[in-house]
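Notes follow once the structure below has been shown.
What follows draws every value from the coordinates through simple rules; no lab data is involved. What you see is a predicted model, and the numbers here were worked out from it, not measured in a lab. Don't worry about glycine lacking a Cβ; one is built from the backbone with ideal geometry, like all the others, and counts go over all protein chains shown.
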Amino acid sequence: MSKKVRVRFAPSPTGGLHLGGVRTVLYNFLFARHNGGDFVLRIEDTDQNRFVAGAEEYIFECLAWCGMKPDESPVAGGPYGPYRQSERKSSYREYAEKLVAGGHAYYAFDTTAELEEMRTIYKTEQNPSPQYDHQLRMKMRNSLTLGEDEVTRLISSGVPYVIRIKMPEQETVHFSDMIRGEVSFNTSTVDDKVLLKHDGMPTYHLAVVVDDYAMKITHAFRGEEWLPSAPVHILLWKYLGWMDDMPQWAHLPLILKPDGNGKLSKRDGDRLGFPVFAMNWTDPRTNDFTQGFRERGFLPEAFVNMLAMLGWNDGSGQEILSMDELIQRFSIDRVHKGGAKFDFEKAKWFNQEWIKKSTPERLKNDVKAILEKNGIVVSDDNYLLSVIGMVKERCTLLPDFTEQSKFFFQTPEIIDTESIRPKWNMDKSVFFKEIQPVLAGLQDYSAASIETAFKDLATARSIKMGELQLPFRIMLVGGKFGPAVFDIAATIGKEETLLRINRALEQLA
Ligand code: GLU
């Protein structure tokens with residue numbers, strides 16, 4: 001019987017979530033849902049020095065915003081908890097000791113000063129940054145170099161120590177990556193990573209293996225930046241005797257800068273003027289602020305859709321896909337091997353398509369919040385819904401709704417009469433005076449009857465309709481934009497239409 005699929009997103013809560021991080025969650029989530037499996041959120045917080053207030057809450061909020069609800073997490077609980085590594089502290093030592101007993105790890109007593117010294121005295125041209133590895137371990141103070149009695153004495157007298165993995169000197173570690181195929185590493189360049197720290201906390205390397213095993217994770221998808229750590233993890237799976245339960249790996253390619261080469265960074269976003277984090281983030285240590293896609297005005301549907309397509313497609317050419325469609329179509333073997341260049345214009349296109357595709361009801365709360373933030377009072381939700389229906393085709397990001405719909409709620413402060421003036425003449429001036437009592441007398445103040453009234457009077461006065469629409473638009477809207485002008489007139493109502501015509505005529509006189 002095949003095992004139930006279980007994947008995990010295992011972030012270290014050290015700051016805002018970069019879009020590469022969110023894409024990693026998304027691919028995990030899509031894979032789990034596609035296969036009827038479980039999606040676990042595990043907080044990897046074993047490095048207490050890197051604790052950042054608010055970072056964990058940010059992760060929960062971000063997953064909720066994107067619609068990726070974990071089945072098991074520090075908040076939801078679950079059968080394999082606790083889901084915060086700091087709360088699992090007591091479970092790791094036993095495995096580190098087991099590795100020592102098996103000859104795959106050792107105690108190391110070197111002080112910070114001694115490690116510093118090692119880096120200085122063994123620095124040569126061939127080895128510019130010496131590491132604690134097979135070449136140097138026998139020159140250091142550890143249980144491989146000290147006698148058994150001395151080791152026992154040091155430990156029992158409370159001298160601080162760490163446990164390090166003993167990387168084999170020349171061994172090729174192979175594994176099969178679901179995206180990259182066969183991957184192999186020679187262990188000779190990998191250092192003896194610390195597994196258990198002075199304070200008894202595991203490092204990431206030990207904790208990730210112990211927890212993936214304990215939580216019965218079947219597939220581990222993570223960013224390509226973790227590829228160099230893979231040989232350490234694979235050897236740990238082997239040394240702990242768990243090879244049969246090792247998850248299948250997939251290292252996801254990087255999201256690259258739009259220009260040049262290399263990983264997309266927060267700095268690229270600042271430089272080129274686009275967000276790189278999912279949501280706003282202010283680093284509590286530095287007060288450094290980073291804008292998020294959410295606050296920039298992206299819909300989560302668009303953000304998720306755009307991320308899914310950054311490095312994957314289903315081969316059909318269809319780009320606009322809902323979460324349900326992504327779940328149905330996702331497969332890891334269609335994830336590209338190479339990195340995907342981030343393109344903010346394309347990201348905006350996804351948002352525009354999603355705004356177009358969304359119903360006014362779906363957009364209502366988001367738009368209302370934006371309008372209210374800009375001092376526009378929305379007192380009638382049905383009115384708002386009809387405005388959204390009229391202007392959504394013209395909006396790329398949510399804040400565009402302010403400019404595109406403000407004039408439905410407020411008389412424009414400025415009317416761009418300068419754009420009317422060049423073609424303005426007596427005939428038009430008379431027309432806009434005469435149309436007022438006609439509009440005032442309309443029983444049915446609908447777009448169709450306003451248009452008919454305009455046409456009839458225009459014909460009677462021998463003026464082309466095309467000559468009247470632009471000035472009328474500017475009178476109502478303030479500028480040369482907006483949806484169909486007769487729809488605008490009907491929506492703002494008779495009184496407001498007449499008021500705006502009059503105001504413009506006064507300015508044009
Ligand atoms: N804690 C690691 C991170 O912050 C997780 C890497 C992994 O998924 O193995 O990205």
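Hey, what does the equivalent ellipsoid look like for segment 50-91, semi-axes from the Cα gyration tensor as sqrt of 5 times each eigenvalue, largest first, whole Å? Working shown, then result.
Numbers: eigenvalues 78, 50, 5 Å².
With the √(5λ) rule applied to segment 50-91, the semi-axes are 20, 16, 5 Å.
Stokes-Einstein at 10 °C, 1.306 mPa s, Kirkwood radius from Cα pairs: D for segment 470-509 in µm² s⁻¹? Walk me through the numbers before you get to the answer.
Values: Rh = 10.0 Å.
For the chosen part, D equals 158 µm²/s.
For segment 304-390, what D do you get in µm² per second when you plug the Kirkwood radius from alpha-carbon pairs into Stokes-Einstein at 20 °C and 1.002 mPa s?
My calculation gives 141 µm²/s for D.
State to the nearest 20 debye the size of the charge dipole of the chain about its Cα centre, where the only charges are +1 on K and R beta carbons and -1 on D and E beta carbons.
680
Can you list, bin by bin at 10 Å, the percent of alpha carbon pairs in segment 410-509, starting at 0?
The distribution over segment 410-509 is 16, 56, 28, 1, given as percents.
Along each of its three principal axes, how wide is the spread of alpha-carbon positions in segment 49-197, in whole angstrom units, largest first?
That gives 53, 43, 30 Å along the principal axes, largest extent first.
Roughly speaking, what % of Cα-Cα pairs in segment 278-354 are separated by over 15 Å, rounded to a whole number?
Percentage above 15 Å: 60.
Calculated from DSSP H runs of 4 or more alone, at -39500 (n - 2.57) each and per residue, what is the 222 nm mean residue ellipticity of the chain, nearest 500?
The helix-only estimate for the chain comes to -13000 deg cm²/dmol at 222 nm.
What residues have an amide H closer than 5 Å to that of Leu252, excluding those fewer than 5 places away on the same chain, when H is modeled at 1.01 Å from N in the peptide plane?
Counting only residues 5 or more places away or on other chains, the set is Arg222, Gly223, Glu224.
If packing is taken as the average number of other Cβ atoms within 10 Å across a peptide's residues, how do 99-109, 234-244, 261-271 rank, most packed first?
Per-residue Cβ counts within 10 Å, averaged per peptide and sorted highest first, yield 99-109, 234-244, 261-271.
For Lys266, go through the lysines and keep the ones whose alpha-carbon is under 22 Å away, minus same-chain ones fewer than eight residues off.
Lys257, Lys341, Lys346, Lys348
How big is D for segment 1-99, in µm² s⁻¹ as a whole number, if Stokes-Einstein is applied with the Kirkwood radius of its Cα pairs at 25 °C and 0.890 mPa s?
Numbers: Rh = 14.4 Å.
In µm²/s, the coefficient is 170.
How large is ³J(HN,Hα) for each residue in segment 53-60, as worked out from phi by the Karplus curve 6.51 cos²θ - 1.76 cosθ + 1.60 (θ = phi - 60°), to whole Hz, x for Gly and Pro?
Per residue, the Karplus-derived 3J(HN,Hα) values read 4, x, 5, 5, 4, 4, 4, 4 Hz.
How compact is the chain by the rule of thumb for globular proteins, expressed as Cα Rg over 2.2 N^0.38 Å?
With N residues counted in the chain, Rg over 2.2 N^0.38 Å equals 1.36.
If you average over every viewing direction, what projected area does the convex hull of the Cα atoms of segment 196-309 give, in nm²?
10.3
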